[in-house]
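So the structure is just underneath, and the comments pick up after that.
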Amino acid sequence: MNEVLEQISKTGIVPVIALDDAKDAEPLAGALCRGGLPCAEVTFRTAAAEESIRIMAKNFPDMLVGAGTVLTTEQADRAAAAGAKFIVSPGLNPKVVKHCQDKGIPVLPGCATPTEIEQALDLGLDTVKFFPAEAAGGLAMIKAMSAPYTAVKFMPTGGINANNLNEYLSFGKIIACGGSWMVKKDLVAAGDFDGITALTRQAVTKMLGFAVEHIGVSRGYEEIGSLLGSGFGIDSGVTVTGADRGTSGEITVSTNFIERAVYHLGLRGIHTDTSTEQREKGRLVSVGLAGEYGGFAVRLIQK
């Protein structure tokens, strides 16, 4: 998979933005980054799109900024010149796709039917936008089309929200979902960028779904195990053991999407120890965090 698409996949959520005034681009980008989503699809639905992309790309060089609703090769060129790292279109225009490919820019054209999927494959694409997702049949339609087109992956957009996000992301053929619920236009208009940060953080938290599954207390720390079990009544998740990792013991935390969790934890300065990775059929299912936290090792597992 292309490097840009890999980053989109790890991010999991692509905020879809339509800005009426480029002055909002910098604070909005900052709000998204603080909330844990250093990624944005800035749509060419408004006159401020090109300048907004330029501001975001310049002031937030580590942010993955793309252009959406790109309908012409001229728009694609303007977006790329402004700093867009990927192009998204609502439909499949072979001319636009080929132009982006010639320029070396990843492009995700909108496809909603088997015929459009075959056109995309003929153009050499293996990842497309599914739009408008909910109106075009939602996850059921994506699963149906994935049966004959097993190599194709999707980025659904349109009708995605906090309530159905994880249902979509749980299907392995979906690399990420585009959505605008965390960048509501009324919040932008009111300059409530703290509110956008909060909604963004909530979206990431819900996507990852962290939960403490088990606490293993090393021998010599039985008093803590007794407190957790007898005192708090959670002894079903506490054991006294000679833990292989951690001076005091090991805490096991589960997540909905472990690869995405590793990426997002890294954004927070929390890194994993690759030597502790466990894989099944090539997929990461468990990994320990680097170092200890209060004497405890922490292990991340796939739900």
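The values are calculated or read from the model by the stated rules, or taken from the named source; none is laboratory data. On a predicted model such as this, the values are computed, not experimentally measured, just so you know. Cβ coordinates were reconstructed from backbone atoms using ideal geometry, including for glycine residues, and neighbour counts include every protein chain displayed.
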Exercise. Just checking, how many residues over segment 29-80 are assigned to a loop (DSSP other than H, G, I, E, B) and not charged (D, E, K, R)?
Worked result: 14
Exercise. If you scan segment 218-238, which residues turn out to be part of a strand (DSSP E or B) and either more than 14 Å from F296 (Cβ to Cβ) or modelled with pLDDT under 70 (or both)?
Worked result: V238
For this session: Looking for whichever is closer than 29 Å to Q202 by Cβ and β-branched (V, I, T) here; the options are V88, V70. Which one fits?
Result: V88
Exercise. If you take just the helices (runs of 4 or more DSSP H) that sit entirely in segment 81-174, which of them hold at least 2 residues that are hydroxyl-bearing (S, T, Y) and without any contact (Cβ under 8 Å) to a residue 24 or more places away in the chain?
Worked result: none
For this session: Note down all Cβ pairs under 9 Å where the first residue falls in segment 280-303 and is on the phi > 0 side of the Ramachandran plot and touching a residue at least 12 places away in the same chain (Cβ under 8 Å), the second is assigned to a loop (DSSP other than H, G, I, E, B) and polar (S, T, N, Q), and they're at least six residues apart or on different chains.
Result: G294/S248; G295/T247; G295/S248
For this session: Hey, can you tell me all the residues within segment 267-287 that are outside any strand (DSSP E or B), out of contact with any Pro (no Cβ under 9 Å at 6 or more places or on another chain) and surrounded by 14 or more Cβ atoms within 10 Å (Cβ to Cβ)?
Result: I270
Seminar exercise, completed: Over segment 245-266, the set of residues closer than 14 Å to K303 by Cα and either loosely packed, with under 14 Cβ neighbours inside 10 Å or among the hydroxyl-bearing types (S, T, Y) (or both) is T252, S254, T255
Exercise. Do any residues in segment 252-266 that are touching a residue at least 24 places away in the same chain (Cβ under 8 Å) have Cβ atoms under 7 Å from those of residues that are small (G, A, S) and buried (at least 18 other Cβ atoms within 10 Å of the Cβ), where the two are at least six apart or on different chains, and which pairs are they?
Worked result: T255/A261; F257/G12; R260/G12; H264/G36
For this session: Inspect segment 57-67 for any residue being assigned by TED's automatic domain parsing to the domain that holds I175 and closer than 22 Å to K173 by Cβ and give the result as yes or no.
Result: yes
